[in-house]
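Structure record follows, encoded as structure tokens.
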Amino acid sequence: KQEVTQIPAALSVPEGENLVLNCSFTDSAIYNLQWFRQDPGKGLTSLLLIQSSQREQTSGRLNASLDKSSGRSTLYIAASQPGDSATYLCAVVADNNNDMRFGAGTRLTVKP
Amino acid sequence: DAGITQSPRHKVTETGTPVTLRCHQTENHRYMYWYRQDPGHGLRLIHYSYGVKDTDKGEVSDGYSVSRSKTEDFLLTLESATSSQTSVYFCAISRTFYEQYFGPGTRLTVT
């Protein structure tokens, strides 16, 4: 059974800092990996989706990498802003059973 | 929110009562999903649908049933609500299985 872990559970940084969020998964047979943002009391917004054949995806100040063999993904946020404060979740879709599994998320606070 | 609405947005109910949550989409997407989100667990799939009247169980389906009689509506029913079903419930939709769009969520409290 695929297990997805995100460490740390919470992170606080000063504005302007570059930061990395981590996601690890136990089964490397994945179809894709997706990073989401969740604001308090809201649904999930997709940030980046990486197919299993890709190594990274970029969108603006965000860069997500994928290392299937080691079961790891990172989300890099450059020049963080208070508006980046939210919970970030990663999710993996299995290669053989269409099953999407989520990590518990990292709650990010960017202080002005 | 990609044309997805959930109703109600908040509900408080008593143990043992039936509860139905509704997910409505305007995107004509084939797939619809129900998840629950609990602290420390992330989102867990309850049931999903791959077409009208076609549904399947997810990771945490016990105590829940679903129905989809129209493309746009996916209903989640708790036949007899328990306190362990207090959670935030999210509906999601997708054209293919692999990229899902989420609704705003329903906060359910079972007292």
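Within the stretch A:17-75, take every residue that is β-branched (V, I, T) and free of Cβ contacts under 8 Å to residues at least 24 places away in the same chain and give me the one that is farthest from the other protein chains (Cβ to nearest Cβ).
In this case the residue turns out to be A:T58.
Would you confirm, using the coordinates I've provided, whether B:T86 is within 14 Å of chain A (Cβ to nearest Cβ), surrounded by 15 or more Cβ atoms within 10 Å (Cβ to Cβ), among the β-branched types (V, I, T) and in contact (Cβ under 8 Å) with a residue 24 or more places away in the chain?
no
Which one of these is within 29 Å of A:L33 (Cβ to Cβ) and either facing another protein chain (nearest Cβ under 9 Å) or among the aliphatic types (A, V, I, L, M) (or both): B:R95, B:R44?
So the residue among B:R95, B:R44 that is within 29 Å of A:L33 (Cβ to Cβ) and either facing another protein chain (nearest Cβ under 9 Å) or among the aliphatic types (A, V, I, L, M) (or both) is B:R44.
So, in the stretch A:66-84, how many residues would count as being closer than 28 Å to A:K111 by Cβ and either surrounded by fewer than 19 Cβ atoms within 10 Å (Cβ to Cβ) or not small (G, A, S) (or both)?
11
Which pairs have Cβ atoms under 7 Å, sit 6 or more apart or on different chains, and link a residue in the stretch B:16-32 that is in a strand (DSSP E or B) to one that is of a type in the set (G, A, S)?
These pairs meet every condition: B:V19/B:A81; B:R22/B:S7; B:C23/B:G103; B:Q25/B:G3; B:Y31/B:S49; B:Y31/B:S94; B:M32/B:S49.
Tell me, which residue of the stretch B:58-84 that is of a type outside the set (D, E) and closer than 12 Å to B:R44 by Cβ is modelled with the lowest pLDDT?
Looking at residues that are of a type outside the set (D, E) and closer than 12 Å to B:R44 by Cβ, I get B:G58.
Is it true that some residue in the stretch B:68-75 is part of a loop (DSSP other than H, G, I, E, B), touching a residue at least 40 places away in the same chain (Cβ under 8 Å), within 14 Å of chain A (Cβ to nearest Cβ) and among the polar types (S, T, N, Q)?
No; the residues of the stretch B:68-75 include none that is part of a loop (DSSP other than H, G, I, E, B), touching a residue at least 40 places away in the same chain (Cβ under 8 Å), within 14 Å of chain A (Cβ to nearest Cβ) and among the polar types (S, T, N, Q).
Just the residues that are of a type in the set (A, V, I, L, M, F, W, C), exposed (fewer than 15 other Cβ atoms within 10 Å of the Cβ) and over 12 Å from the mean Cα position of the chain (by Cα), please, taken from the stretch A:16-56.
Matches in the stretch A:16-56: A:A29 only.
The values are calculated or read from the model by the stated rules, or taken from the named source; none is laboratory data. All of these numbers come straight from a predicted model, not from anything done at the bench. Here Cβ is always computed from backbone atoms with ideal geometry, including for glycine, and neighbour counts include all displayed protein chains.
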